[in-house]
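Let me begin by presenting the structure, written as structure tokens, before commenting on it.
The values are calculated or read from the model by the stated rules, or taken from the named source; none is laboratory data. Keep in mind it's a predicted model, so treat the numbers as computed, not measured. Cβ coordinates were reconstructed from backbone atoms using ideal geometry, including for glycine residues, and neighbour counts include every protein chain displayed. Calculation scope for accessible area: heavy atoms of the full protein, side chains included, ligands and nucleic acids excluded. Shrake-Rupley method; radii C 1.70, N 1.55, O 1.52, S 1.80 Å.
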Amino acid sequence: MGLVVIILVLGIVMTVFGPSHVDHLTGRNVSNFLNAGTLIQIATDTSFFAVMAVGMTMVIISAGIDLSVGAIYAMSAVLMSLVLQRFTNAPPVEQVVVGMFLCCGIGLLAGLLNGVMVCRLGVHPFIITLGTMWVFRGIAFVTTKAMSILVPVSLTGFAKANLGLRKDLFPVPMVVMIIVTVVGAIFLQSTTWGRRIFAVGGNIEAAKYSGLKINRILTSVYALAGLCAGIAAFVGTSFYGASSSNDASGYELYVIASTVVGGASLNGGKGTAVGAFLGALLIVMIRQAIRTLQLDQNYEWIIIGVAIIVSVVLDRWSTVQAGRRLVRARQ
């Protein structure tokens, strides 16, 4: 609820204090923020972070970390684009389906590789995913020779379908984000496997003595994080019409920030898919507020950094207070 309140306050501030412009379709004077085009664009910018943040939430709930999601995005996107060059004469629907399965499959396999190495090698996931981040990014660079690869127009037509809205509004990324968030929330809160992820992250020793398959659970969360990165890569590449080895550079930091700001605990055992979505939306709203209010964009990094620190401090304070309440209850 705190995130919702902050997002609403930011929206009100941008509406009241932000500049306005004349809408080219209606001829009316409208707010630079509170108009359909800007709101859809904010949702589009949020979608790529939020989809990956849902997968990252599962990793962080299990007390892990994944630094490779941005590189998985880039690798999935460029490999899909290269393969689709051989399907230029295929029907549009086939191109979209093949591209979707390629991107999601490559992301899933990359995440599965992360999970297997984390579980089998016994090395901290920070180190494993830091290494695979460079490997995946390097594969994307070598296969494309640092060049942009165009995707078939059928994919762009799919990602930019207006779904009955105005011709200049493209809500597909927003719809995908909402679907992934809802599915992620149901999976974490209403399935046995989802509850097991919380159990492993909350107390791995207790989970082990309870008979849970720790390695399977940990492997699955990294595979799901890779799958979410693949979904984001398909939607993002289709939307912008091209891919390159530099795609999603630095996204892993935004994704982790979205997850932490959304209430996930880096100690494990705590987090929600909806919180990850709200965290991503808040970060994009902060960036939008800086542009709308015509502030110095150099402050963007400072504000986002402060937001992350405050979120972690509040999480730590909440944990300490909960422990004190338990002690008082026992006394």
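Of the residues screened, Thr38 is not one that is among the β-branched types (Val, Ile, Thr), farther than 26 Å from Ile303 by Cβ and modelled with pLDDT under 85.
Matching residues to (1) open to solvent by less than 50 Å² (accessible area, probe 1.4 Å); (2) among the polar types (S, T, N, Q); (3) under 27 Å from Arg195 (Cβ atoms):
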{"position": "Ile60", "(1), (2), (3)": "yes, no, yes"}
{"position": "Val83", "(1), (2), (3)": "no, no, no"}
{"position": "Pro92", "(1), (2), (3)": "no, no, no"}
{"position": "Val96", "(1), (2), (3)": "yes, no, no"}
{"position": "Cys103", "(1), (2), (3)": "yes, no, no"}
{"position": "Ala110", "(1), (2), (3)": "yes, no, yes"}
{"position": "Val116", "(1), (2), (3)": "no, no, yes"}
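Residue pairs whose Cβ atoms lie under 6 Å apart, separated by 6 or more positions or on different chains, with the first residue in region 101-129 and at negative phi and in contact (Cβ under 8 Å) with a residue 40 or more places away in the chain and the second in a helix (DSSP H, G or I) and open to solvent by 60 Å² or more (accessible area, probe 1.4 Å), are Cys119/Asn215. Looking at the structure I just gave you, is Gly64 of a type outside the set (Phe, Trp, Tyr) and either closer than 27 Å to Ala280 by Cα or in contact (Cβ under 8 Å) with a residue 60 or more places away in the chain (or both)? So Gly64 fits the description; yes.
For Met75, state whether it is closer than 30 Å to Glu94 by Cβ and open to solvent by 10 Å² or more (accessible area, probe 1.4 Å). It is true that Met75 is closer than 30 Å to Glu94 by Cβ and open to solvent by 10 Å² or more (accessible area, probe 1.4 Å). Can you tell me which residues in region 294-331 are surrounded by fewer than 12 Cβ atoms within 10 Å (Cβ to Cβ) and either in contact with a strand residue (DSSP E or B) (Cβ under 6 Å, 6 or more places away or on another chain) or of a type in the set (S, T, N, Q) (or both)? If the condition is that a residue be surrounded by fewer than 12 Cβ atoms within 10 Å (Cβ to Cβ) and either in contact with a strand residue (DSSP E or B) (Cβ under 6 Å, 6 or more places away or on another chain) or of a type in the set (S, T, N, Q) (or both), then Gln294, Gln297, Asn298, Gln321, Gln331 are the ones that fit.
Based on what the data block shows, is Ile12 of a type in the set (A, V, I, L, M, F, W, C), out of contact with any Cys (no Cβ under 6 Å at 6 or more places or on another chain), closer than 25 Å to Gly263 by Cα and in contact (Cβ under 8 Å) with a residue 40 or more places away in the chain? Spelling it out, it is not the case that Ile12 is of a type in the set (A, V, I, L, M, F, W, C), out of contact with any Cys (no Cβ under 6 Å at 6 or more places or on another chain), closer than 25 Å to Gly263 by Cα and in contact (Cβ under 8 Å) with a residue 40 or more places away in the chain. Inside region 261-294, can you point out the residues that are within 18 Å of Val13 (Cβ to Cβ), of a type outside the set (A, V, I, L, M, F, W, C) and either in a helix (DSSP H, G or I) or touching a His at 6+ places or on another chain (Cβ under 6 Å) (or both)? Once the filter is applied, which keeps residues that are within 18 Å of Val13 (Cβ to Cβ), of a type outside the set (A, V, I, L, M, F, W, C) and either in a helix (DSSP H, G or I) or touching a His at 6+ places or on another chain (Cβ under 6 Å) (or both), region 261-294 yields Arg287, Gln288, Arg291, Thr292. Taken over region 150-166, the criterion of being open to solvent by 70 Å² or more (accessible area, probe 1.4 Å) and either assigned to a loop (DSSP other than H, G, I, E, B) or among the charged types (D, E, K, R) (or both) is satisfied by Lys160, Leu163, Gly164, Leu165, Arg166. Of all residues in region 60-84, those satisfying the criterion of being β-branched (Val, Ile, Thr) and in a helix (DSSP H, G or I) are Ile60, Ile61, Val69, Ile72, Val78, Val83. Listed by position, the helices (runs of 4 or more DSSP H) enclosed by region 167-260 that each have at least 1 residues that are buried (at least 20 other Cβ atoms within 10 Å of the Cβ) and touching a Pro at 6+ places or on another chain (Cβ under 8 Å) are 214-240.
Give region 289-331 a look and list any residue that's of a type outside the set (S, T, N, Q) and in contact (Cβ under 8 Å) with a residue 40 or more places away in the chain, or say none. Correct list: Ala289, Leu293, Ile304, Ala307, Ile308, Val312, Asp315.
Note on region 26-49: residues that are open to solvent by 40 Å² or more (accessible area, probe 1.4 Å) and free of Cβ contacts under 8 Å to residues at least 60 places away in the same chain amount to 7. Against the condition modelled with pLDDT of 80 or more, on the phi > 0 side of the Ramachandran plot and surrounded by 15 or more Cβ atoms within 10 Å (Cβ to Cβ), how does Gly269 come out, does it pass? So Gly269 fits the description; yes. Condition (residue is part of a helix (DSSP H, G or I), of a type in the set (A, V, I, L, M) and closer than 27 Å to Ser190 by Cβ) applied to region 24-40: is it met by at least one residue? Taking every residue of region 24-40 in turn, none turns out to be part of a helix (DSSP H, G or I), of a type in the set (A, V, I, L, M) and closer than 27 Å to Ser190 by Cβ.
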